[in-house]
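In what follows, a single structure is set out as structure tokens and then discussed.
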Amino acid sequence: MKRFEWIDTLKGIGICTVVAGHIYGGEIREMIHIFHMPLFFCIGGFLYSSKYNNQEYLKNKLIHLIVPYISFIILLYPIQLLTMLPQEDNFSFVDILKLIVNPIVGGVYLWGLTSAFWFITCFFITQQLANLIIKKANPHHLKFYIIFMTALSYLNALVLQKFWLPQNANVALAAVPLFLLGFLLRKHYSERNYYFISIPSVIISWLLIIFYSKQFPDEWFFVGYQMKRSNYGMPIISLLLALGMILFCIDISKFLVKKIPAIAKIISALGQASMIILFLHLAFVYALKNLDLGILSSNLFILFIL
């Protein structure tokens with residue numbers, strides 16, 4: 001498969017927004033939450049290759065996703081418990097049982113140092129479902145799968161709000177369409193820029209966030225695409241804004257590779273290490289915050305990147 005130079009830069013931008021989303025608050029965080037996780041599902045679809053059979057694909061993704069997931073859960077979850085237990089005066093048997101079961105159930109029940117790990121298992125499930133759809137379905141029917149699964153995701157978010165599955169498997173209803181859109185973008189890829197779509201998307205997103213933060217300070221989540229919580233924002237509108245902002249990130253990535261290659265290489269290095277950063281960034285952030293060194297959020301983000 002052809003290698004696109006800007007892909008690692010795009011992944012680097014994506015993982016920087018993930019880190020920033022766990023450091024900053026207010027409008028910046030809500031802007032990031034519109035697109036940063038949809039971005040990675042789209043990248044997954046863009047990079048998808050059908051050269052493996054289903055068994056090989058499953059084995060490959062188990063090794064590259066689930067093995068590291070389990071390893072880092074085993075590494076970080078005990079540390080998380082040790083830092084939390086002294087702060088609690090009394091634990092019931094049920095509380096202790098929940099602490100044991102949470103990392104097994106995963107998804108929305110992951111918290112603290114491991115709260116970002118939900119993405120790994122959801123991404124794995126998404127890959128397997130998308131792989132089956134791409135290989136079994138008529139290519140011309142992919143758009144119907146996108147529409148149907150997106151509709152089911154809204155049903156989950158708006159009507160069946162209490163419905164959930166372990167490892168955030170239900171979020172795959174929203175993630176598979178994004179993966180398939182990334183796959184279709186690769187299939188019909190051209191080198192043209194998308195500024196006529198992406199820039200208005202950024203502007204509209206920012207204006208909506210400002211409006212909601214001022215008029216409805218407790219309802220900012222209505223704009224964002226909060227995939228971990230099965231909250232997909234304003235039906236259709238938030239999705240379109242997310243896609244527009246993903247195109248904006250692609251445009252920025254291409255621009256950096258062509259015009260500022262030195263910066264692109266630094267960001268690309270972060271992109272190549274995106275999985276390890278996803279696993280470890282919260283441990284770094286929590287450690288610095290707990291040290292109470294008086295580090296500003298902006299400086300904390302820069303320190304993490306360095």
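Tabulated results
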{"read-out": "Residue in segment 112-135 that is surrounded by fewer than 17 Cβ atoms within 10 Å (Cβ to Cβ) and not in a helix (DSSP H, G or I) present", "value": "no"}
{"read-out": "Matching residues in segment 21-51 - criterion: being surrounded by 14 or more Cβ atoms within 10 Å (Cβ to Cβ), of a type outside the set (Val, Ile, Thr) and free of Cβ contacts under 8 Å to residues at least 60 places away in the same chain", "value": "GLY21, ARG29, HIS36"}
{"read-out": "Filter pass, ALA137 being farther than 30 Å from SER71 by Cα and of a type in the set (Gly, Ala, Ser)", "value": "yes"}
{"read-out": "Every residue from segment 129-169 that is touching a residue at least 40 places away in the same chain (Cβ under 8 Å) and of a type in the set (S, T, N, Q)", "value": "ASN131, THR150, SER153, ASN156, GLN161, GLN167, ASN168"}
{"read-out": "Qualifying residues in segment 136-153 (those that are modelled with pLDDT of 95 or more and either aromatic (Phe, Trp, Tyr) or not in a helix (DSSP H, G or I) (or both)) - the one nearest to SER230 (Cα to Cα)", "value": "PHE148"}
{"read-out": "Count of residues meeting criterion [among the aliphatic types (A, V, I, L, M) and touching a Lys or Arg at 6+ places or on another chain (Cβ under 7 Å)] in segment 21-51", "value": "1"}
{"read-out": "Condition check for MET31: part of a helix (DSSP H, G or I), under 23 Å from ASN102 (Cβ atoms) and within 16 Å of the chain's Cα centre (by Cα)", "value": "no"}
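Residue-by-condition table, conditions (1) under 19 Å from GLY14 (Cα atoms); (2) within 21 Å of the chain's Cα centre (by Cα); (3) modelled with pLDDT under 90; (4) exposed (fewer than 13 other Cβ atoms within 10 Å of the Cβ):
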{"site": "TYR212", "(1), (2), (3), (4)": "no, no, yes, no"}
{"site": "MET234", "(1), (2), (3), (4)": "no, yes, yes, no"}
{"site": "ASP251", "(1), (2), (3), (4)": "yes, yes, no, no"}
{"site": "LYS259", "(1), (2), (3), (4)": "no, no, no, yes"}
{"site": "ILE276", "(1), (2), (3), (4)": "yes, yes, no, yes"}
{"site": "TYR286", "(1), (2), (3), (4)": "no, yes, yes, no"}
{"site": "PHE304", "(1), (2), (3), (4)": "yes, yes, yes, no"}
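The values are calculated or read from the model by the stated rules, or taken from the named source; none is laboratory data. On a predicted model such as this, the values are computed, not experimentally measured, just so you know. In this analysis, Cβ positions are derived from the backbone assuming ideal geometry, glycine residues included, and neighbour counts consider all displayed protein chains.
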